[in-house]
Structure formats: structure tokens, C-alpha cells
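Here the structure comes first, spelled out in C-alpha cells, and everything after it is commentary.
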Amino acid sequence: RETTETGDPVLPLILGQAVTWHSAFILTRTGDRIAIVGKYEDEAVASSGAWTTIVPYVQGIREPLLDTLNELAPQKIAVNYSQDDVKADGLSAGMWMLLQEYLQGTPHVDRLISASEIIRALRSRKTATEVQRMRDAIAVTDELFAMFIERVHEGMSETDIARFFHDEVDHRGLDTAWERSHCPIVTTGPHSMIGHGLPSADLAVTRGNIVHLDFGVRMNGYCSDIQRGWYLPKGNEAVPPDELRRGVETVVQAITAAAEVMKPGVPCWQVDAAARQTVLDAGYPEYQHATGHNVGRAAHDGGGTIGPRWPRYGRTPEYPIEVGNVYTLELGIDNLAGHGYFGLEEMVHVTDTGIEWLTQRQTDLPMLG
């Protein structure tokens, strides 16, 4: 109900419009598509042509819902809740309680299960059109990175950098891939916020430090999510210091190690373990986050997490890699040799035999002018 406020992530996949009153959208094994909706929304729902049966109600949804379930007599009723996958967890606590109340005294109340596996399959296995839309978003992101390189200069603040990207996104009529307040995430040295940090007006590009961006756009409903880093030399430096280049090589090698393991059927945690061990073997501290996530309609698109089996990720690291998935591979080193954060984030598409790179990989540390 009132989906423009509650934002159920399942609804755009099956309906493509908002509803106001209590509504139930029932998809059966045999292909029935039944929409139980409040009167005055029935015609709008019917106009899509997607639903085989429209059941409008006036006073309340309980009776038509029970009548429909009694007629279908399902052995299992999968509903959109999940303890692990945020994109499959659209049923609010209040709505869950109401559903339980409506089903009390019927056999249906004991037949409720999570629909997360169905939702994960639908959302995570990308079609060719979906992948192409992400390629298009990546191309725009690369274009903006190239423009940024031409404009960045010593003394440019983190908020100035963020404003540049926001202005360009607005000029193109696009959206940022995640919340605008920290898209892009900007770091300019050892004092910047890392992770999901906010750009600072008091911190600026300085010589001898790394400039790092985590940025993406949403274009035609699909996202990019890419990290890139550069070095602003000081003095007569013609190349970055050796300690920086070694760290960059380690990050690149760790992402390569993850990509080599990434094949259909492999659990996500094994992909993470390959990257994580590469960083540890090189003598750097363990990074405190997952190595990757699904990308699609959202920058973090639910489904599997390429991460360690930590409680914070629930069961999502156990999910297998599947053909059609689009993941990021991302990791970095905090305050690399005292010059600030360096991290990379690439996007990959899972094929029958492994992965294809959707992004053009960064494999070194470019110098800024």
C-alpha cells in the first residue's frame, strides 16, 4: 500500500506503477496472474494487459484475498520478505502482521514462506537488454571521469569535485547511481572519509596524495558503479613512489584473482576469499568490507554478496554465482603509504564459462597534471 512512500523493491518488477490501498499480486505456478486491488485502481492495473484476473474491492481486501486463496488452494505462499536480501524484503512489519491477522483460522497462515529465491533469480539474472543499459551507463561514467581529469587541479575541494559531477549529471538529465549526498564518494588524502563518506569543503587536492572517486550514474533505469584513483605528483616526481605502485599492483592482482575464481555455481564467499588472501599475502591489512555486489536497477541490487561469511551479510555470501549476474569487484587499501585511500571497482558480467569485463580495467596509478 502507498508504494510511493514505502518503496517496495519488488513492485517495479511485476507492476510498474504505484498503488494506494492494500493490494495483492498473485503469480501462480500455472501462469495465473491475479491482481486484487482497491476500486478506482483496477482500471489502471488492467490497462497494462499483464494480469489475467483483476479483482476490485471496496470495503476491505480480506474477503477477496481469502476467496482467491481458497480457490487456488496453494501448498506454499511465497511473500516478499527476507532476512538477508534487502531487495526481496518489501513487506513491512505492519503489513506482515496484517496478513497474519487476515489468514488466522485458515490453513494458509502456516504456508507462508519467503519469496527471496524467486525474487533473487528474477532480479539478478540480467537480460541482454539490461546488460546493454549498464554498458551505456558505464560509457557515460567513463566520459565524466575523462572530463574530470582535464579539470582537476591542486586546491580543488572535495565538495567542488562532487559539484562538478552533479552538474554534469544534471546537464544530461540523469541521476546518480545512489544517494546524491555521497555520489561521488571523494577522497583526496589521508584525512578524507573513506567508505560511504561525504565530501568535505575543508579538504582539497594536494600534491603527493591520491585522488580517489567512487561514482556511478543511473541511465534508462540501470546503474554503473566504478572506482578510480590518480596521483598528483610533488616536486620532480615523474612516476608515483614505489610504495604506491606496489599497493596499486596488489589491488589489481586481488581483483584479477577474484575474477579467475568467478564461475557459475561457485559460492560468492569463495570469490571474496581469493581476493582477500591476495591482499593479506602481500602484507597489507584486511579490508573491512565485501569484495563485490550485484548491480542493476540499483547500484546495490540485492542477491548474492561477494563477501566473507560475516553475520553482517547474512546468507548472501553462500549464494552461488549465476549466469547473467552483473557484479562489482572492488577493494582497496586504507591510507596507502600515508598518501590516502586507493581502491578500484570494476563491473563484470557472468557468462557460461566465467566473466566478461564490462568496465575497461584500471591497472596502474595515472598521474594528474
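The values are calculated or read from the model by the stated rules, or taken from the named source; none is laboratory data. Source: prediction; values computed, not measured. Cβ placement follows ideal geometry from the backbone for every residue including glycine, while neighbour counts extend to all protein chains displayed. Only protein heavy atoms, including side chains, enter the accessible area calculation; ligands, DNA and RNA are left aside. Shrake-Rupley method; radii C 1.70, N 1.55, O 1.52, S 1.80 Å.
Before I look further, what does the stretch 4-114 give for accessible area per residue, probe 1.4 Å, in whole square angstrom? Walk me through the numbers before you get to the answer.
Numbers: 6540 Å² over 111 residues.
Per-residue value: 59 Å².
Calculate the spin-label point distance for ASP334 paired with TRP96, positioning each point 7 Å from the Cα along the beta-carbon direction, and give it in nanometres.
It is 3.3 nm.
With the Cα gyration tensor of the stretch 88-224 giving a ≥ b ≥ c as the square roots of its eigenvalues, does the rule (a/c under 1.5 for rounded; else a/b larger than b/c for prolate; else oblate) give rounded, prolate or oblate?
Working: a/c = 3.53, a/b = 2.17, b/c = 1.63.
Prolate.
Quick check: pseudo-label points 7 Å beyond the Cα along Cα→Cβ at HIS196 and THR256, how many nm apart are they?
Computed distance between label sites HIS196 and THR256 equals 3.3 nm.
Averaged per residue, what accessible area in Å² does the stretch 126-230 show with a 1.4 Å probe, protein chains only?
Details: 4460 Å² over 105 residues.
Each residue of the stretch 126-230 exposes 42 Å² on average to a 1.4 Å probe.
Roughly what angle does helix 158-171 make with the longest principal axis of the chain, taking Cα atoms, 0 to 90 degrees, to the nearest 10?
Taking the Cα atoms of the chain, the angle to 158-171 is about 50 degrees.
What do you get for the angle between helix 242-261 and the principal long axis of the chain? Use alpha-carbon atoms, 0 to 90 degrees, nearest ten.
Once rounded, one gets 30 degrees.
Shape verdict for the stretch 184-319, please, from the Cα gyration tensor: rounded (a/c under 1.5), prolate (a/b greater than b/c) or oblate.
On the way: a/c = 2.16, a/b = 1.42, b/c = 1.52.
Oblate, because a/c is 1.5 or more while a/b does not exceed b/c.
Suppose every Lys and Arg Cβ carries +1 and every Asp and Glu Cβ carries -1, with no other charges. What dipole size does the stretch 112-262 come out with about its Cα centre, to the nearest 20 debye? Don't skip to the end; give the middle numbers.
Details: 16 positive and 22 negative charges, 89 e Å.
So the dipole magnitude of the stretch 112-262 works out to roughly 420 debye.
Anyone know which of SER92, SER116, SER47 comes out most mobile in the 10 Å Cα GNM of the chain?
SER47
Could you compute Rg(Cα) / (2.2 N^0.38 Å) for the chain, with N its residue count? Don't jump to the answer; show the numbers that get you there.
Details: Rg = 23.6 Å, N = 369, 2.2 N^0.38 = 20.8 Å.
Dividing the Cα radius of gyration by 2.2 N^0.38 Å gives 1.14.
For a Förster distance of 22 Å, can you work out the FRET efficiency between the beta-carbons of ARG245 and MET147, rounded to the nearest 0.05?
Details: r = 26 Å, r/R0 = 1.18.
For R0 = 22 Å, the calculated efficiency reads 0.25.
Multiply the residue gap between ALA282 and ASP364 by 0.36 nm, knock off their C-alpha separation, and tell me the result in nm, one decimal place. The partial results should precede the final answer.
Numbers: separation 82, 0.36 × 82 = 29.52 nm, distance 1.68 nm.
Result for the pair: 27.8 nm of gain on full extension.
Between 0 and 90 degrees, rounded to the nearest ten: what's the tilt of helix 128-151 against the longest Cα principal axis of the chain?
The helix 128-151 is inclined about 30 degrees to the chain.
Taking square-rooted eigenvalues a ≥ b ≥ c of the alpha carbon gyration tensor, is the stretch 31-126 rounded, prolate or oblate, where a/c under 1.5 means rounded and, failing that, a/b exceeding b/c means prolate? Let's see the in-between values first.
Values: a/c = 1.63, a/b = 1.14, b/c = 1.43.
Verdict is oblate for the stretch 31-126.
I want the antiparallel fraction of DSSP beta bridges within the stretch 14-76, as a percent rounded to 5. Please report the intermediate quantities before stating the final value.
Values: 4 of 9 bridges.
Looking only at bridges with both residues in the stretch 14-76, the antiparallel portion is about 45 percent.
Say R0 is 30 Å: what FRET efficiency, to the nearest 0.05, do LEU66 and VAL86 get from their beta-carbon distance? The partial results should precede the final answer.
Details: r = 30 Å, r/R0 = 1.00.
About 0.50, to the nearest 0.05.
With point charges of +1 on the Cβ of Lys and Arg and -1 on the Cβ of Asp and Glu, referenced to the Cα centre of the chain, which listed residue (VAL152, GLN253, THR52) lies farthest in the positive direction of the dipole?
The residue sitting farthest along the positive end of the dipole is THR52.
What part of the accessible area of the chain, given as a whole %, is carbon or sulfur when the probe is 1.4 angstrom? Before the final figure, lay out each step's value.
Details: 8610 of 17350 Å².
After summing per-atom areas, the C and S share lands at 50 percent.
Rounded to the nearest 0.05, what FRET efficiency do ARG207 and THR351 have when you use their Cβ-Cβ distance and R0 = 45 Å? Present the calculation step by step, with values, prior to reporting the outcome.
On the way: r = 43 Å, r/R0 = 0.96.
According to the calculation, E is roughly 0.55.
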